[in-house]
Amino acid sequence: MRLSPTDPSSYSNAHELIIHHVDLDWKVNFEKCTISGKAALHFKTLKDDVEEIFLDSSELKIISITVKTSAGEIPLSWDIGAHVENIGSKLTVYLPSKTSGELVVVVEYETDPKASALQWLTAEQTCGKKHPYLFSQCQAIHARSVLPCQDSPAVKFTYNATIHHPSNVIGLMSAVKKASKPKVSYFEQKIPIPSYLLAIVVGALVEKTIGPISSVWAEKEQIEEAAEEFSQTADFISKAEEICGPYVWGRYDLLVMPPSFPFGGMENPCLTFVTPTLLAGDKSLATVVAHEIAHSWTGNLVTNRNFEHFWLNEGFTVFVEQKIVGRLFGSAVRDFHALHGLSELTDCIKTQLSATPELTKLVVDLSECSPDDAFSTVPYIKGSTFLRYLEDLFDGPAKFEPFFRSYLNKFKYQSVLTSDFRTALYEWFRADPANEVLLERIDWDQWLFGQGLPPVIPNYDRSLLDACKKHATLWADNELDSIKSSSILTEKLTSIQTIEFLAQLLDKKKIKDLTSEKIELLGQTYDLHATRNSELRFRFVRLYIRARMMDKMDEILSFLNSNFRMKFVRPIYKELAGWQEAKPIAVANYNKVKDQMMSMCAYGVSKDLDI
Ligand code: BES
Ligand code: ZN
């Protein structure tokens, strides 16, 4: 079912009227685990005589709804529909008379303690153990559990917020802080944003400056480590500006989240959220920050109009991320990142999406599927591969980047569909008649709606990949003694190469003599036993599972419980579910820790475990 003409995942009648500004006045209540207060929604009608407003909501307790008029606030009647899983409920607000022009609707309400976008941590669950902690994760369609709104990326609004919170914690939002007193903080976001970019955190946070417009925020135990790990932030921003144009958001701060943060990073404007699993000690995972910085243009300025066109956010962002990597570390490293992405995509199509091949299309149909259920690396990797294909087709960055900037400039502050991108591409390249034959070569249907791997694999520089392949073949095809004496081992791998090598090894149908002795040696050879690199640990743990090493179960569970980042825990639970003796242990562990997970992670794992 398509809930509205503009967005299959939103009830809003955004074709009739749209929210363009929101004023929030919130009280953060750690005893009750609620946010309560008021949201003043400023609407602009797009047609005459609007009679009803349809809003998205999820488990909100609505106290009152009024409309502001010159004679004061007038109460409105409203009606809330049944709760639909993964979607929430339709909130209908009845206007007193047919309305045109501007109107301000004020909703007084309270969130549910189980609001899907909010994670409430007790003091004991934090590093410092002294103060409770709250954070939000609204993407894709969880903002509706925090405020009644048109929860569709087709709609963009500016916002101001007043946040009341206990005096011993700090509040931050996806906005610029205007002022703060001990118990109240004031924020302003002057650039229109989609609802999924609304974000809040409240906790015992400290700040350290890491660049001209950047600080890193974390609990004090992690602040020094975080400042060091993310010291390249300013360089990433300046490369991104070369590629995309001026940075318009004022500040770019980073916030190191608690380990239950379900993603690697989230591009909340002015304040990117990142998982603590990026703290590898050697900056080897910092490219996630380059990715979130790139979203400041692709996603946050030019936004997918609904999540069927999610590749316009993520594919474009990976493309820019890899350009940043290329400018800082060279084109061989850029291409290696692209190839590594392709091997992740291959794995994802084979495992995660084996039962739902229609989700391997670049543009998906979300009329029967929630964005959370459709989430995969397909929009990221197939999308960025498509852009690289186009860049190569039009003779490389010198010709393609000016177009890319013009696309961003043309659609900034707006929301787009794939057809907008296509039209802009034709308009730009048609200026030179010689491009006509190139434009005709693009098989749009295959790229956008074909299933499986990308129809064309660009001609990448494979030099850094070859070493990974050699190492993987060595370990898969040989016995211990010949491995020990192999000259291949003298060629050292970087951490991302080691990640790729392990991915290749895990992808092998058969690994010869996969004994604990062999895994032990492998761990020593690549320094995996003590590594702080979570991507390495993730794959090493999967080797234990592959080898059915019951004696390593404690180590497996300890990794599973050290963070609740979905990218790591979901595949591991899924693999444990396929190992008969381990499944009950995995289920018991899940039941023990699920209350510490964010709802979207617990939901995903329950599906992976078939419960
Ligand atoms: N915007 C995404 C995270 C997201 C996507 C949250 C969809 C909710 C729904 C973010 O920019 C992202 O892509 N994060 C990646 C890291 C990136 C380097 C690929 C992640 O979390 O792993
Ligand atoms: Zn992203």
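Here are some notes:
- Boolean, Lys567 is within 16 Å of ligand 2 (Cβ to nearest atom) and either at pLDDT 95 or above or within 20 Å of the chain's Cα centre (by Cα) (or both): yes
- Residue in the range 90-105 that is modelled with pLDDT under 95 and of a type in the set (Lys, Arg) present: yes
- Taking the range 274-283 as the range and being more than 9 Å from ligand 1 (Cβ to nearest atom) and either closer than 27 Å to Gln414 by Cβ or assigned to a loop (DSSP other than H, G, I, E, B) (or both) as the test, the residues that pass are Leu279, Ala280, Gly281, Asp282, Lys283.
- Contacts under 6 angstrom Cβ, first residue in the range 284-298 being under 20 Å from Ile191 (Cα atoms), partner near ligand 1 (Cβ under 9 Å from one of its atoms), 6 or more apart: Glu292/Gly265; Glu292/Glu267; Glu292/Thr272; Ala294/Thr317; Ala294/Glu321; His295/Glu267; His295/Thr317; Thr298/Thr317
- The set of residues from the range 74-89 being surrounded by 11 or more Cβ atoms within 10 Å (Cβ to Cβ) and outside any strand (DSSP E or B) comprises Leu76, Gly81, His83, Asn86, Ile87.
- Of note, Gly383 does not satisfy the criterion of being of a type in the set (Gly, Ala, Ser) and away from ligand 2 (no atom under 16 Å from the Cβ).
- Scope the range 491-505; condition in contact with a helix residue (DSSP H, G or I) (Cβ under 6 Å, 6 or more places away or on another chain) and open to solvent by 40 Å² or more (accessible area, probe 1.4 Å); matching residues: Glu491
- Test: residue in the range 226-237 that is over 18 Å from Leu172 (Cα atoms), assigned to a helix (DSSP H, G or I) and within 14 Å of ligand 1 (Cβ to nearest atom): yes
- Pro182 meets the stated requirement of being open to solvent by 10 Å² or more (accessible area, probe 1.4 Å), closer than 22 Å to Asn29 by Cα and out of contact with any helix residue (DSSP H, G or I) (no Cβ under 7 Å at 6 or more places or on another chain).
- Considering residues of the range 43-60 that are part of a strand (DSSP E or B) and under 28 Å from the mean Cα position of the chain (by Cα) only, the residue surrounded by the fewest Cβ atoms within 10 Å (Cβ to Cβ): Phe54
Residues checked against (1) under 30 Å from Tyr603 (Cα atoms); (2) in a helix (DSSP H, G or I); (3) within 16 Å of ligand 2 (Cβ to nearest atom):
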{"site": "Phe187", "(1), (2), (3)": "no, no, no"}
{"site": "Val216", "(1), (2), (3)": "no, no, no"}
{"site": "Pro246", "(1), (2), (3)": "no, no, no"}
{"site": "Ser260", "(1), (2), (3)": "yes, no, no"}
{"site": "Leu285", "(1), (2), (3)": "yes, no, yes"}
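- Scan of the range 531-578 for residues that are away from ligand 1 (no atom under 16 Å from the Cβ), of a type outside the set (Asp, Glu) and closer than 11 Å to Leu609 by Cα, ordered by number: Tyr573, Lys574, Leu576, Ala577, Gly578
- Of the criteria (1) aliphatic (A, V, I, L, M); (2) open to solvent by 10 Å² or more (accessible area, probe 1.4 Å); (3) in contact with an Asp or Glu (Cβ under 9 Å, 6 or more places away or on another chain); (4) within 24 Å of Pro258 (Cα to Cα), which one Ala123 fails: (3)
- Residue within the range 140-151 that is part of a strand (DSSP E or B) and away from ligand 2 (no atom under 16 Å from the Cβ) present: yes
- Checking the stated criteria, Phe336 turns out to be over 19 Å from Met566 (Cα atoms), crowded, with 24+ Cβ neighbours inside 10 Å and more than 16 Å from ligand 2 (Cβ to nearest atom).
- When the test is whether a residue is open to solvent by 80 Å² or more (accessible area, probe 1.4 Å), outside any loop (DSSP other than H, G, I, E, B) and not assigned by TED's automatic domain parsing to the domain that holds Ala338, Asp481 passes it.
- Qualifying residue in the range 32-39 (condition: surrounded by fewer than 20 Cβ atoms within 10 Å (Cβ to Cβ) and more than 25 Å from Ile193 (Cα to Cα)): yes
- Taking the conditions (1) over 24 Å from His337 (Cα atoms); (2) open to solvent by 10 Å² or more (accessible area, probe 1.4 Å); (3) under 18 Å from the mean Cα position of the chain (by Cα) in turn, Phe263 satisfies each one other than (1).
- Residue match in the range 295-308 (condition: away from ligand 1 (no atom under 11 Å from the Cβ) and in a helix (DSSP H, G or I)): yes
- Near pairs, Cβ below 7 angstrom, 6+ apart or cross-chain, from the range 597-611 (under 12 Å from Lys567 (Cα atoms) and in contact (Cβ under 8 Å) with a residue 12 or more places away in the chain) to any residue that is surrounded by fewer than 21 Cβ atoms within 10 Å (Cβ to Cβ) and of a type in the set (Val, Ile, Thr): none
- The criterion of at least 1 residues that are of a type in the set (Asp, Glu) is met, among helices (runs of 4 or more DSSP H) falling completely within the range 494-611, by 495-507, 516-525, 534-546, 553-562, 566-577, 599-608.
- Note on the range 300-315: residues that are charged (D, E, K, R) and either touching an Asp or Glu at 6+ places or on another chain (Cβ under 8 Å) or farther than 18 Å from Asn268 by Cα (or both) amount to 2.
- Residues being part of a helix (DSSP H, G or I) and within 16 Å of ligand 2 (Cβ to nearest atom) - total across the range 350-380: 6
- Residue in the range 193-201 that is in a strand (DSSP E or B) and more than 27 Å from Met600 (Cβ to Cβ) present: no
The values are calculated or read from the model by the stated rules, or taken from the named source; none is laboratory data. These figures come from a predicted structure and were not determined experimentally. Cβ atoms come from the backbone with ideal geometry, glycine included; neighbour counts cover every protein chain shown. Areas reflect the complete protein model, heavy atoms only, side chains present, ligands, DNA and RNA absent. Shrake-Rupley method; radii C 1.70, N 1.55, O 1.52, S 1.80 Å.
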